[in-house]
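Working notes for the structure below.
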Amino acid sequence: MIFLGRKPRVEYAGAIYHVIQRGNNREYIFERDSDKHFLLREIENRKVGTGFLLYGYVIMGNHYHLVLQSGEQPLSKVMHFINGSFGRYYISNCGRTGHVFEGRYKAIPVQNERYLLAVLRYVHRNPVRAGICRRAPNYLWSSDKFYRSNQKGFVDIDLLLDMLSTNRERAINQYIAFMEQEDKVDYEQLEALGDETFALKLQPPKEEPARKNLDQILKDTGISPADYELVKKKALGKETSFLLRPRMLGKQ
């Protein structure tokens with residue numbers, strides 16, 4: 001089940017995300033190969049330092065996508081490091097001032113590996129949808145090549161390929177066939193991806209109404225100021241208390 005609607009930013013150990021970060025005003029901040037190389041190097045540096053798992057990526061001219069699972073550090077710290085490092089590099093090397101990225105990144109929680117393949121296909125086919133190339137493997141700046149060549153290391157390919165088949169050659173062939181299929185879902189517009197149980201887990205806890213104190217309860221009954229003070233002091237006689245009780249229950 002795919003569900004929409006604004007959700008609070010969710011961070012917990014082992015969380016899986018589809019992350020999208022755009023250049024400020026959607027400007028082309030990754031035009032040069034050297035810019036893309038620098039971003040990949042910073043992603044790898046942070047991966048080594050924090051132990052998150054990288055399942056996929058694509059770097060376009062004005063934005064990038066990551067599919068990852070958080071490790072020792074929350075996603076917010078990982079992204080702060082990556083974007084901060086690239087921002088300083090870009091300002092220094094491109095004569096740029098001001099913001100490099102467009103606000104905060106978007107992080108879409110993904111429930112588990114059951115939904116990962118669909119997200120990864122969306123990421124790898126981004127250049128195809130943009131008209132840059134005809135097929136995903138024709139684009140250099142994505143993680144598609146790691147899966148097709150069974151190349152381990154920077155990209156953690158085992159989880160998804162093992163899910164397709166225990167035979168690696170068969171798994172790669174199934175991956176290739178899956179990548180050729182189009183998917184009309186716009187995964188960037190989702191706020192989360194999972195089933196109903198996952199949706200409920202992401203809902204913020206409902207706030208219980210605050211309990212009224214004695215002053216508020218007594219004032220709500222509409223009793224006289226004198227009786228109000230007597231009740232507070234527990235000095236009312238039984239007869240007056242009996243008369244007050246129906247009024248406190250909303251009876252006349």
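Readers should treat all values here as calculations from the given coordinates under stated rules, not as data from a laboratory. Note that the coordinates shown come from a computational prediction; the quantities given were computed from them, not determined experimentally. Cβ atoms come from the backbone with ideal geometry, glycine included; neighbour counts cover every protein chain shown.
Taking 0.36 nm per residue of sequence separation and subtracting the Cα-Cα distance, how much length would be gained by fully extending the chain between R170 and H37, in nm to one decimal?
44.7 nm
Averaged over every viewing direction, what's the projected area of the C-alpha convex hull for region 1-118? Give it in nm², one decimal, please.
Dividing the Cα hull surface by four gives the mean projection, 7.6 nm².
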Which value does Rg/Rh take for region 2-202 over its C-alpha atoms, Rh per Kirkwood? 0.95
Which ³J(HN,Hα) values in Hz, rounded to whole numbers, follow from the phi angles of region 40-47 under the Karplus curve 6.51 cos²θ - 1.76 cosθ + 1.60, where θ = phi - 60° and Gly and Pro get x? 4, 5, 5, 4, 5, 4, 6, 5
Which of V19, S92, Y105, positive extreme of dipole for region 2-202 (C-beta unit charges): S92
Using the Cα centre as the reference, give the magnitude of the dipole from point charges on the C-beta atoms of region 1-95 (Lys, Arg: +1; Asp, Glu: -1; all else neutral), rounded to the nearest 20 debye. 260
For region 176-186, Karplus couplings with θ = phi - 60° (6.51, -1.76, 1.60), whole Hz, Gly/Pro x: 4, 5, 5, 5, 7, 7, 7, 10, 7, 6, 8
What pairs in K77/K152; K47/K201; K47/K77; K152/K184; K77/K106 have C-alpha atoms more than 21 Å from each other? K77/K152; K47/K201; K152/K184
Any idea what the dipole of region 2-202 comes to, in debye rounded to 20, about its Cα centre with Lys/Arg Cβ at +1 and Asp/Glu Cβ at -1? 340
Using θ = phi - 60° and the Karplus relation 6.51 cos²θ - 1.76 cosθ + 1.60, list the HN-Hα couplings for region 87-94 in order, rounded to whole Hz, with x at every Gly or Pro. x, 5, 4, 5, 4, 6, 9, 10
Charge tally in the Cβ shell below 15 Å around L53, where Lys, Arg are +1 and Asp, Glu are -1, L53 excluded: -3
